[in-house]
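The values are calculated or read from the model by the stated rules, or taken from the named source; none is laboratory data. As the structure is a prediction and not an experimental result, all values here were calculated from the model. Here the Cβ positions follow ideal geometry from the backbone for every residue, glycine too, while neighbour counts run over all protein chains shown. Accessible surface areas use protein heavy atoms only, side chains included; no ligands, DNA or RNA. Shrake-Rupley method; radii C 1.70, N 1.55, O 1.52, S 1.80 Å.
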Amino acid sequence: MKINLVMIVKNEERSLKKCLETAADLVDKMIVIDTGSSDRTKSIAENMGAKVFDFVWTDDFSAARNFALDQSDGDWNLVLDGDEYLRSADRKGLEQMLLARQGMWLGCITRYDAFRDEEGVSVSTAVLPRLLPKGVRYEGRIHEQPKGDYPSYGIGLEADHDGYLYEDKGERNLPFLERAVKEHPEDGYYVFQLAYTLRNLKRQEESLPYFREFYRLSGKNDGYWAGGVVLYLYTLLDLAFAEYLDEAARIIEKEDAVLGGWSDFCFVCGLFYMKRVLSDVKRYLSLLPNIEKCYLKCLSLGEQPMAGGVVGTGSFRAAYNLGAWYEVSGQMEQAGRFYRMAAEKGYGPALKRIEEIWGHL
């Protein structure tokens, strides 16, 4: 069995050596396609023993990916970006897993994405089809996906991704996505990616019509649907007008049966009930216990990295919000319990709050 690493890169001198080092022992050959670097990317790849090819950029990510795959003679092709780093992996164990399944299928890795937010640096997870059997190719000008209706299975590989900390690709991607949505207005995935990109650019009001359209076009069998629903809810909560909270309430009521077992959904529901009550305390006071229920459910569900979402919604983030809930309601013993639970995971806001109230952990 031959497993090759297949990459497309441009100006990745910051991270490429580390990326290749983490994958070298897992693969037979490393194939790097350069799409126009002006830094030391190509020489780094060559020094690491990779086969380097040039590709003239055509504003089409699938074209570049497929050119890269065309250079590979592997039975399986592992696709990584230059700012992704595999965690420890066992070649023998991977081969055994690949041989255990018959037919054409895609292998998924769990990627841990570091990103900046108001708390500093947070981490979310995404499950992505990145190990492709020979013959599978990509489609889509941007946010390209493997072509074909193949089943996907986890293969036990995990990767860290730090690119969001150094480069915001939203402005770069926006015109590609606008063009894709114009060309394929009924494609829920492109519509979702456009909504997501606008949201990340802090253009929530502009993103909202696209979230609504994504929600109309997509369904629970689409791999991006659950995360898209949660981001749709966050966008409504960010805007926070009464009609948007009404809209969020309808979505939560409709989707609870499907998404209620996912900590990320329960977490955003907790935030919704808090905003709902604060919007009109007299009218919505009866919803107050739902805040506690949502965060307790998050903790009972625990972390679910294979489901995707923000790390902490099933642990320290939910515990911190419970601490805040109990503090506001005057239950200081309970507040301390949950603040400490969050602090034990190193969660900065919890450490700070404990210091402010009690002076020590």
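Data table
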{"quantity": "Cβ pairs under 6 Å, 6+ apart, first in the range 167-194 and in contact (Cβ under 8 Å) with a residue 12 or more places away in the chain and more than 24 Å from residue 82 (Cβ to Cβ), second open to solvent by 70 Å² or more (accessible area, probe 1.4 Å) and of a type outside the set (Ser, Thr, Tyr)", "calculated": "190/184"}
{"quantity": "Matching residues, the range 77-120, being under 26 Å from residue 149 (Cα atoms) and among the aliphatic types (A, V, I, L, M)", "calculated": "78, 79, 80, 94, 97, 98, 99, 100, 104, 106, 109"}
{"quantity": "Pair list, Cβ < 7 Å and 6+ apart or interchain, from the range 293-316 residues that are within 19 Å of residue 334 (Cα to Cα) and charged (D, E, K, R) to residues that are part of a helix (DSSP H, G or I) and open to solvent by less than 50 Å² (accessible area, probe 1.4 Å)", "calculated": "297/266"}
{"quantity": "Inter-residue pairs, beta-carbon under 7 Å, first closer than 13 Å to residue 32 by Cβ and in the range 54-76, second of a type outside the set (Gly, Ala, Ser) and in a helix (DSSP H, G or I), 6+ apart", "calculated": "55/67"}
{"quantity": "Residue 306 touching a Ser or Thr at 6+ places or on another chain (Cβ under 7 Å) and either aliphatic (A, V, I, L, M) or modelled with pLDDT of 95 or more (or both)", "calculated": "yes"}
{"quantity": "Per-region count, the range 8-46, residues in contact with a helix residue (DSSP H, G or I) (Cβ under 9 Å, 6 or more places away or on another chain) and assigned to a helix (DSSP H, G or I)", "calculated": "8"}
{"quantity": "Among the residues listed as 67, 115, 55, the single one being surrounded by 14 or more Cβ atoms within 10 Å (Cβ to Cβ), modelled with pLDDT under 95 and touching a Phe, Trp or Tyr at 6+ places or on another chain (Cβ under 7 Å)", "calculated": "115"}
{"quantity": "Condition met for residue 138 (touching a helix residue (DSSP H, G or I) at 6+ places or on another chain (Cβ under 8 Å), within 20 Å of residue 20 (Cβ to Cβ) and of a type in the set (Phe, Trp, Tyr))", "calculated": "no"}
{"quantity": "Considering residues of the range 239-271 that are open to solvent by 20 Å² or more (accessible area, probe 1.4 Å) and in a loop (DSSP other than H, G, I, E, B) only, the residue modelled with the lowest pLDDT", "calculated": "240"}
{"quantity": "Scope the range 29-51; condition among the hydrophobic types (A, V, I, L, M, F, W, C) and surrounded by 19 or more Cβ atoms within 10 Å (Cβ to Cβ); matching residues", "calculated": "30, 31, 32, 33, 44, 45, 50"}
{"quantity": "Residue count for the range 186-238, restricted to those that are over 19 Å from residue 127 (Cα atoms) and not in a helix (DSSP H, G or I)", "calculated": "5"}
{"quantity": "Residue ID - least open to solvent (accessible area, probe 1.4 Å), chosen from residues in the range 119-169 that are within 16 Å of residue 189 (Cα to Cα) and not in a strand (DSSP E or B)", "calculated": "142"}
{"quantity": "Any chance residue 173 is crowded, with 20+ Cβ neighbours inside 10 Å and modelled with pLDDT under 95", "calculated": "yes"}
